[in-house]
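Step one of this worksheet: look at the structure below.
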Amino acid sequence: MLIMVLAVNGAAQNDALTARNLPSMPYHHSPPGMPIPPAPRQRRNFTAKRRAFNVTRFTGPRGLAILLVMLVPEAARAQLSGRIAAAPTIASVLAAAKTSDWRPLDPEQTLYLELAAGRVVIELAPLYAPAHVANVKALAREGYFDGLTINRVQDNYVVQWGDASNDPAKRRAFKQARPALPPEFDRAIASDLPFTRSPDGDVYASEVGWSNGFPVARDPKSGRTWITHCYATLGTARGNDAGSGGGAQLFVIIGHAPRHLDRNDTAMGRVVQGIELLSTLPRGTAALGFYEKPEQRSVITSVRVAADVPLAERTVLRILRTDTPTFTSLIGARRSRREEWFKNPVDRIDVCNVPVPIVSGL
């Protein structure tokens, strides 16, 4: 509560309305013959009011104090009083981050999707989809994706790649990898999954937050957790049978988070660098964004596990850990934007609207 005081100068006015004189004044004009309320009662009422408002602090021989009690937001109160430092921004949080707040990408859990336009770096999530991650790495190591194509680019939705043939007999054969796997839509909540909870609610899950760099959701009642389908999420395409996908057809989200896919598709990773190489591809004109002509498709040069790539050819990245006080501060700064451009900070955040910072180099 902020108390603002306005003083009106005037000795005559003040002399008539000092704290000392107020108790003896009637509260209203009484008709002739009507008794004035007893002074002790008035004195007790005024004493109670004086205790509540502490009038004598603001009255004196040179002014009349009028107390205006106003409720104002916390941030405005801080600015007016000057008692706390300026709220942190995303830039200031990252500038203060310690070396220990960052972690390197694990080469064994990183894919390089090589296109003519450049490299797309994908971090895999073996703690959430271990069988699919292992199968996709097996596909990469046997060269399954090399020379295949990006076949679907649906605006505000997904980019999908794999074998473009609609005839199963003509599709590329598997070597060690499996063509299909049981779905891994979610997994049990356990101690091996650190969880930083979002301060705000979610319409798709009872809890959302971040775990090992991934945006995730949880249902404590069922004891299950899953990766949310935010921008840049890597998923496995499938047919109507929940167990019909295995990673031979992959997609990446390039539009507004389609959270209706949560627990309906196996989310198994996310793009950490090079998403613009996918999001800027020409849109497909056939149903669901598929390309109508073979020449419209982009050819995949290769897909490699980073651990199999020579050190000198690897993309070295560090990712902000999501289990640190620094990341918690980043959530707060992202939730309530205090940069000069923002005039109305919303003080709310969506789990898909906190991109985890990534920097190049060791």
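The values are calculated or read from the model by the stated rules, or taken from the named source; none is laboratory data. These numbers were taken from a predicted model, which means no experiment stands behind them. Neighbour counts are summed over all protein chains in view; Cβ atoms, including those assigned to glycine, are modelled from backbone coordinates with ideal geometry. Side chains are part of the model used for accessible areas, which takes the heavy atoms of the whole protein and leaves out ligands, DNA and RNA. Shrake-Rupley method; radii C 1.70, N 1.55, O 1.52, S 1.80 Å.
Points to keep in mind about this one:
Conditions tested, residue by residue: (1) part of a helix (DSSP H, G or I); (2) at pLDDT 95 or above; (3) buried (at least 20 other Cβ atoms within 10 Å of the Cβ); (4) touching a Ser or Thr at 6+ places or on another chain (Cβ under 7 Å).
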residue: His229; (1), (2), (3), (4): no, yes, yes, no
residue: Gly243; (1), (2), (3), (4): no, yes, no, no
residue: Gly284; (1), (2), (3), (4): no, yes, yes, no
residue: Glu295; (1), (2), (3), (4): yes, yes, no, no
residue: Ala307; (1), (2), (3), (4): yes, yes, no, no
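- Among the residues of the range 245-282, the one identified as open to solvent by 10 Å² or more (accessible area, probe 1.4 Å), closer than 21 Å to Phe174 by Cβ and assigned to a strand (DSSP E or B) is Phe251.
- Meets criteria (in contact with a strand residue (DSSP E or B) (Cβ under 9 Å, 6 or more places away or on another chain) and farther than 30 Å from Gln154 by Cβ) for Thr324: yes
- Residue that is nearest to Gln296 (Cα to Cα), among those in the range 62-121 that are basic (Lys, Arg) and at pLDDT below 95: Arg77
- For the range 104-121, a residue qualifies if it is under 26 Å from Leu193 (Cβ atoms), open to solvent by 50 Å² or more (accessible area, probe 1.4 Å) and not in a helix (DSSP H, G or I), and the qualifying residues are Pro104, Asp106.
- Residue satisfying condition, being over 20 Å from Val359 (Cβ atoms) and among the hydrophobic types (A, V, I, L, M, F, W, C), within set Leu105, Leu113: Leu113
- Total residues in the range 343-362, condition free of Cβ contacts under 8 Å to residues at least 40 places away in the same chain, open to solvent by 70 Å² or more (accessible area, probe 1.4 Å) and charged (D, E, K, R): 1
- Residue check for Thr233: without any contact (Cβ under 8 Å) to a residue 12 or more places away in the chain and either among the β-branched types (Val, Ile, Thr) or surrounded by 15 or more Cβ atoms within 10 Å (Cβ to Cβ) (or both): no
- Qualifying residue in the range 207-226 (condition: of a type in the set (Ser, Thr, Tyr), open to solvent by less than 40 Å² (accessible area, probe 1.4 Å) and either at pLDDT 95 or above or not in a strand (DSSP E or B) (or both)): yes
- Residue identified as under 25 Å from Arg318 (Cα atoms) and either without any contact (Cβ under 8 Å) to a residue 12 or more places away in the chain or aliphatic (A, V, I, L, M) (or both) among Val136, Val158: Val136
- Of residues in the range 122-181 being assigned to a helix (DSSP H, G or I) and among the aliphatic types (A, V, I, L, M), the one surrounded by the fewest Cβ atoms within 10 Å (Cβ to Cβ): Ala169
- Tally of residues being in contact (Cβ under 8 Å) with a residue 40 or more places away in the chain and open to solvent by 60 Å² or more (accessible area, probe 1.4 Å) across the range 182-191: 1
- Condition met for Phe195 (open to solvent by 40 Å² or more (accessible area, probe 1.4 Å) and either modelled with pLDDT under 95 or under 17 Å from Ala257 (Cβ atoms) (or both)): no
- Residue-level check: of (1) open to solvent by 40 Å² or more (accessible area, probe 1.4 Å); (2) more than 24 Å from Asp202 (Cβ to Cβ); (3) of a type in the set (S, T, N, Q), Ser302 misses just (1).
- Filter pass, Ile254 being modelled with pLDDT of 95 or more and within 28 Å of Ala140 (Cα to Cα): yes
- Of all residue pairs spaced 6 or more apart or on separate chains, those with beta-carbon atoms under 9 Å, a first member in the range 316-328 that is hydrophobic (A, V, I, L, M, F, W, C) and surrounded by 18 or more Cβ atoms within 10 Å (Cβ to Cβ) and a second member that is part of a helix (DSSP H, G or I) and modelled with pLDDT of 95 or more are Leu320/Leu94; Leu320/Asp101; Leu320/Thr326; Leu320/Phe327; Leu320/Leu330; Phe327/Val93; Phe327/Asp101.
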